[in-house]
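To start, the structure under review is shown below, and the notes come after it.
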Amino acid sequence: QVQLVESGGGLVQAGGSLRLSCAASGRPLSLYAMGWFRQAPEKERGFVAAIWFNGGSPNYADSVKGRFTISRDNVQNTVYLQMNNLKPEDTAVYYCALGGLNTDLETDYQYWGKGTQVTVLA
């Protein structure tokens, strides 16, 4: 059974940075695309970033381009989301997901973590 565990969330001032991690167990990450999604209060969950199995072809939502960077370490079986220049509108629960394609579609991901809270203060 695949387990994904996110960490690294927290409280930060606008303009600050956080790095989220997602540790996987049960499957080698090297076989899968990985994605990050987020859900703000009273909003639907939405796409943030995704990366192909070999670390190539990163894909970002327009709202985070130039500020967020997705990366992965297949030896450590971990995927990361470096978030810089954070804004209050980035406040959300952030979820990592494992799937077959590095798309922005939730349905392309088969396994999900439970999420980590990111709160950005104005």
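For the reader, a short list of remarks on this structure follows.
- Largest to smallest in accessible area, the residues E6, E42, E106, E89 fall in the order E42, E89, E106, E6 (1.4 Å probe, all protein chains included).
- Exposure ranking of L105, L121, L86 by accessible area [1.4 Å probe, largest first]: L105, L121, L86
- Taking the square roots of five times each eigenvalue of the Cα gyration tensor of the stretch 1-47, the equivalent ellipsoid has semi-axes of 24, 15, 10 Å, listed largest first.
- Extension gain from L121 to K65, taking 0.36 nm per residue of separation minus the Cα-Cα distance: 18.1 nm
- Only protein heavy atoms count here; on that basis, with a 1.4 Å probe, D62 has an accessible area of about 130 Å².
- Each DSSP beta bridge with both residues in the chain is either parallel or antiparallel, and the antiparallel ones are about 90%.
- The residues neighbouring S57, those whose beta-carbon lies less than 15 Å from its own, together hold a net charge of 0 under the Lys/Arg +1, Asp/Glu -1 convention.
- Mean separation of Cα contacts under 8 Å (6+ apart) over length of the chain, as relative contact order %: 36
- Within the stretch 1-55, trypsin sites (Lys or Arg not before Pro) in DSSP loop having at most 11 other beta-carbon neighbours inside 10 Å: K43
- Here K87 is the anchor, and the aspartates and glutamates within straight C-alpha reach of less than 19 Å, apart from those fewer than 8 places off in the same chain, are E42, E44, D62.
- Distance histogram in 10 Å bins (all Cα pairs of the stretch 67-122, percent per bin): 19, 49, 29, 3
- The chain: radius of gyration over Cα atoms, expressed as a fraction of 2.2 N^0.38 Å: 0.96
- Pairwise centroid distance, computed over Cα atoms, of the stretch 102-117 with the stretch 46-91, Å: 12
- For D104, the shell of other residues with beta-carbons less than 14 Å away shows a net charge of -1, using +1 for Lys and Arg and -1 for Asp and Glu.
- Heavy-atom accessible area with a 1.4 Å probe sorts S57, S30, largest first, into S57, S30.
- Cα-based reach from K114 at 22 Å (exclusive), listing lysines while leaving out same-chain residues under 8 positions away: K43
The values are calculated or read from the model by the stated rules, or taken from the named source; none is laboratory data. Here the structure is a predicted model, which means the values were calculated and not measured. Cβ sites come from the backbone with ideal geometry, for glycine too, and all protein chains shown count toward neighbours. Ligands, DNA and RNA are stripped out before the accessible areas are found, and what is left, the full protein with its side chains, is counted by its heavy atoms. Shrake-Rupley method; radii C 1.70, N 1.55, O 1.52, S 1.80 Å.
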